[in-house]
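First up is the structure itself, then whatever we jot down about it.
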Amino acid sequence: MSDVDVSGPCAQHYVVAIDGAKHSEHACFVDAIKMGLLLHAQSPESKITVRELSESKSEEVASGLAA
């Protein structure tokens, strides 16, 4: 099994936000979702979102994570 190079031009990064404010940034989608679920469990009244970052756009990939 080979290592994956995430430093290239196709690398994706994800931002976890709480009520629109950036909380953390992750290189792995699964890590971003895990953080979002953890934050949702700690603060269920807040809106937690996970956005994909790229050079040309910022796209929301998960919102209002369900418990």
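The values are calculated or read from the model by the stated rules, or taken from the named source; none is laboratory data. Not measured: the values here are computed from a predicted model. Heads up, the Cβs are rebuilt from the backbone with ideal geometry, glycines too, and the neighbour counts pull from every protein chain shown.
Pick out the one residue from 37, 65 that is surrounded by 15 or more Cβ atoms within 10 Å (Cβ to Cβ) and modelled with pLDDT of 95 or more.
None of the others qualify; the one that does is 37.
Return yes when residue 53 is at pLDDT 95 or above and surrounded by fewer than 16 Cβ atoms within 10 Å (Cβ to Cβ) and no when it is not.
No: the conditions fail for residue 53.
What number of residues in region 11-26 are within 8 Å of the chain's Cα centre (by Cα) and among the polar types (S, T, N, Q)?
Matching residues across region 11-26 total 1.
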